[in-house]
Ligand SMILES: *Cc1c(COP(=O)(O)O)cnc(C)c1O
């Protein structure tokens with residue numbers, strides 16, 4: 001493709017992008033395709049000769065679009081959002097155009113220095129303590145793995161990095177029963193072993209019980225094990241439960257255990273002063289993360305990862321082969337040494353575009369609107385006493401089920417609620433997902449898409465009510 005064609009097609013694609021956002025509500029939110037339906041439409045063999053952009057773009061529109069689930073649809077109420085926004089997408093286009101690989105300062109000083117500033121901006125916006133140092137990671141899963149490796153290496157004075165596990169203590173780690181599955185995955189990858197992860201029981205609001213945490217630690221110590229790592233979750237994935245950070249932090253201090261805070265989703269709400277009580281005690285943490293790619297209008301991927309001890313982070317990941325040495329290594333951040341991957345995308349540009357376009361107040365307004373809409377949804381839904389609230393509403397996620405007075409059997413209730421969800425999702429008009437809370441099949445509605453407004457919530461309520469009238 002020559003540059004003059006690139007220019008022409010880029011304009012076409014830009015028009016398509018604007019049309020997409022303008023007409024997004026015409027698409028089914030959840031892709032309505034059967035397994036392998038798309039696969040079978042893609043030829044078995046790659047083309048020997050190049051094809052025209054016209055035919056590629058036509059297939060994109062006809063084949064690929066049919067199998068897309070539309071995360072930017074305002075009636076996307078599933079999982080947690082992965083919000084994009086126009087300025088974020090524009091930045092992403094520029095990033096892709098330059099295709100810079102930002103592994104060290106020299107490979108694009110702007111990328112390194114903008115990242116440093118953006119992490120400072122986010123820390124200010126969220127009142128993350130000023131002595132925390134931030135770096136962008138791809139996902140929360142990776143950031144937690146980094147934290148775990150830092151803890152492991154700090155404890156062993158970097159000996160597992162050197163010698164492997166031969167003489168290592170048997171470590172244990174702790175999280176609540178409601179902690180995200182990525183913690184368990186990371187425990188496996190970091191070599192701690194899944195059976196050494198203790199899942200601490202939760203209270204009626206699904207928050208970790210700090211007394212139980214301390215009990216578990218004492219028990220492990222008595223067995224000669226080495227408690228290494230605690231994850232406190234601020235905003236659990238099932239129900240946005242808030243673990244009591246300060247109390248957990250005090251336990252960690254007492255036993256000198258690494259405290260990691262997973263605020264992947266709820267961390268975005270820390271831009272709202274009225275929600276910051278949720279991270280009271282954050283100064284006791286060793287590491288902290290949240291995902292601007294979920295709720296801060298910065299398209300996937302972008303995780304903000306903070307550590308208190310920058311030297312420990314760098315020492316854990318540092319490599320310095322001859323071919324990567326530069327004369328500036330002492331004065332600049334080479335983010336290759338701040339995480340797992342060598343090559344890095346220029347993600348800070350997306351944040352910069354988003355934070356400048358909306359401003360802190362603009363973002364606060366959007367998040368507050370989502371919180372209000374979630375309250376409105378709950379108010380309307382629970383006017384009908386046959387709907388049961390399953391978990392406290394701490395942010396913009398409502399966990400509920402339909403429980404008509406005459407049905408008591410848990411199995412039957414599960415079937416009824418599953419059917420409601422499947423029917424709603426099959427309509428293509430809305431998309432919501434479920435979880436289990438203490439074994440109860442629970443519907444989750446997250447009201448947090450960039451473009452959601454009250455009409456979408458009213459529509460969702462009407463669709464739910466139509467289901468139960470059947
Ligand atoms: C979404 C989520 C994660 C995982 O996020 P990724 O960035 O996809 O790895 C981890 N923890 C919590 C609490 C989450 O909500």
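Out of 130, 96, 82, I need the residue that is out of contact with any strand residue (DSSP E or B) (no Cβ under 8 Å at 6 or more places or on another chain), surrounded by fewer than 20 Cβ atoms within 10 Å (Cβ to Cβ), assigned to a loop (DSSP other than H, G, I, E, B) and free of Cβ contacts under 8 Å to residues at least 12 places away in the same chain. Which one?
Numbers: 96 fails: assigned to a loop (DSSP other than H, G, I, E, B); 82 fails: free of Cβ contacts under 8 Å to residues at least 12 places away in the same chain.
Answer to the check: 130.
Of the residues in segment 141-175, how many are assigned to a helix (DSSP H, G or I), in contact with a strand residue (DSSP E or B) (Cβ under 8 Å, 6 or more places away or on another chain) and either at pLDDT below 95 or within 16 Å of the ligand (Cβ to nearest atom) (or both)? Lay out the reasoning, then the answer.
Taking segment 141-175 as the starting set, the residues that turn out to be assigned to a helix (DSSP H, G or I) are 141-155, 159-163.
Retained after the next criterion (residues that are in contact with a strand residue (DSSP E or B) (Cβ under 8 Å, 6 or more places away or on another chain)): 142-144, 146-148, 150-152, 154-155.
Pick out the ones that are also either at pLDDT below 95 or within 16 Å of the ligand (Cβ to nearest atom) (or both) and you get 142-144, 146-148.
Going through segment 141-175 one residue at a time, the tally reaches 6.
Would you check if residue 125 is closer than 21 Å to residue 306 by Cα, buried (at least 19 other Cβ atoms within 10 Å of the Cβ) and under 23 Å from the mean Cα position of the chain (by Cα)? First the steps, then the outcome.
Values: closer than 21 Å to residue 306 by Cα: yes; buried (at least 19 other Cβ atoms within 10 Å of the Cβ): no; under 23 Å from the mean Cα position of the chain (by Cα): yes.
Spelling it out, it is not the case that residue 125 is closer than 21 Å to residue 306 by Cα, buried (at least 19 other Cβ atoms within 10 Å of the Cβ) and under 23 Å from the mean Cα position of the chain (by Cα).
Just to be sure before I move on: is residue 456 crowded, with 20+ Cβ neighbours inside 10 Å and farther than 21 Å from residue 271 by Cα in the structure I sent? Steps first, answer last, please.
Working: crowded, with 20+ Cβ neighbours inside 10 Å: yes; farther than 21 Å from residue 271 by Cα: yes.
When the stated conditions are applied, residue 456 passes them.
Given the criteria away from the ligand (no atom under 16 Å from the Cβ), touching a residue at least 40 places away in the same chain (Cβ under 8 Å), under 13 Å from residue 332 (Cα atoms) and crowded, with 16+ Cβ neighbours inside 10 Å, does residue 112 qualify? Yes; evaluated as a whole, the condition is true for this residue. Among the residues in segment 229-242, are any assigned to a helix (DSSP H, G or I) and either within 10 Å of the ligand (Cβ to nearest atom) or within 22 Å of residue 155 (Cβ to Cβ) (or both)? Among the residues of segment 229-242, not one is assigned to a helix (DSSP H, G or I) and either within 10 Å of the ligand (Cβ to nearest atom) or within 22 Å of residue 155 (Cβ to Cβ) (or both), which makes the answer no. Residue 145 - would you say it is in contact (Cβ under 8 Å) with a residue 12 or more places away in the chain and surrounded by fewer than 20 Cβ atoms within 10 Å (Cβ to Cβ)? It is false that residue 145 is in contact (Cβ under 8 Å) with a residue 12 or more places away in the chain and surrounded by fewer than 20 Cβ atoms within 10 Å (Cβ to Cβ). Please verify whether segment 419-432 includes one or more residues that are in a strand (DSSP E or B) and either in contact (Cβ under 8 Å) with a residue 60 or more places away in the chain or touching a helix residue (DSSP H, G or I) at 6+ places or on another chain (Cβ under 9 Å) (or both). Looking through segment 419-432, at least one residue is in a strand (DSSP E or B) and either in contact (Cβ under 8 Å) with a residue 60 or more places away in the chain or touching a helix residue (DSSP H, G or I) at 6+ places or on another chain (Cβ under 9 Å) (or both).
Of all the residues in segment 150-188, those that are surrounded by 22 or more Cβ atoms within 10 Å (Cβ to Cβ) and within 19 Å of residue 227 (Cβ to Cβ) number 13.
The values are calculated or read from the model by the stated rules, or taken from the named source; none is laboratory data. Computed from a predicted model, the values in this text were never measured in an experiment. As a convention, Cβ positions derive from the backbone with ideal geometry for all residues, glycine included, and neighbour counts pool all protein chains shown.
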